[in-house]
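**Q** This structure is in structure tokens; I'll ask about it shortly.
The values are calculated or read from the model by the stated rules, or taken from the named source; none is laboratory data. Everything numeric in this text was worked out from a predicted model, so none of it was measured. Cβ placement follows ideal geometry from the backbone for every residue including glycine, while neighbour counts extend to all protein chains displayed. Surface accessibility is based on the protein's heavy atoms, side chains included, excluding ligands, DNA and RNA. Shrake-Rupley method; radii C 1.70, N 1.55, O 1.52, S 1.80 Å.
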Amino acid sequence: MREIGFPEILETLDGYQSFVRSISISKAIPSGSLYLVIQGDSVNMPNVRLVITRDYFDLSSSFCRISSTTGNTCILLSKVLEVGKNYFKDFVESAVLSKTQA
């Protein structure tokens, strides 16, 4: 996986990186939303979808699994949520606040 400037998500996915096909991060300033989508191989790494707004979040995956070979993907989802909340603060919330103050 090529590093492109979001090291927190790559660190979170450490150990799963060879099973990740793509990571998409986008924001929608009018609605104040951040979207994070991880496409896994659907065997060792789930597909993950995260939507965060100021007072709402929804994190879902194609599976949550605990196994001796791939570890605990449920803990991975909690870590993805934590990173997503930080990205929301950095990239969405600050942009929405500056837009309303202008």
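**Q** Please specify each residue of region 55-66 satisfying the condition of being in a strand (DSSP E or B) and either under 15 Å from Tyr16 (Cβ atoms) or open to solvent by less than 70 Å² (accessible area, probe 1.4 Å) (or both).
**A** Asp58, Leu59, Ser60, Ser61, Ile66
**Q** Something else about it: Out of the residues in region 24-54 meeting the condition of being among the β-branched types (Val, Ile, Thr) and under 20 Å from Lys85 (Cβ atoms), tell me which one is surrounded by the fewest Cβ atoms within 10 Å (Cβ to Cβ).
**A** Ile29
**Q** So Lys85 fits all but one of (1) open to solvent by 80 Å² or more (accessible area, probe 1.4 Å); (2) more than 11 Å from the chain's Cα centre (by Cα); what number is the exception?
**A** (2)
**Q** Another question, then. Report whether or not Leu77 is modelled with pLDDT of 90 or more, open to solvent by less than 80 Å² (accessible area, probe 1.4 Å) and in contact with a Cys (Cβ under 9 Å, 6 or more places away or on another chain).
**A** Yes; evaluated as a whole, the condition is true for this residue.
**Q** Just to be sure I understand, how many residues within region 1-23 are within 18 Å of Cys64 (Cα to Cα), open to solvent by 60 Å² or more (accessible area, probe 1.4 Å) and of a type in the set (Val, Ile, Thr)?
**A** Count: 0.
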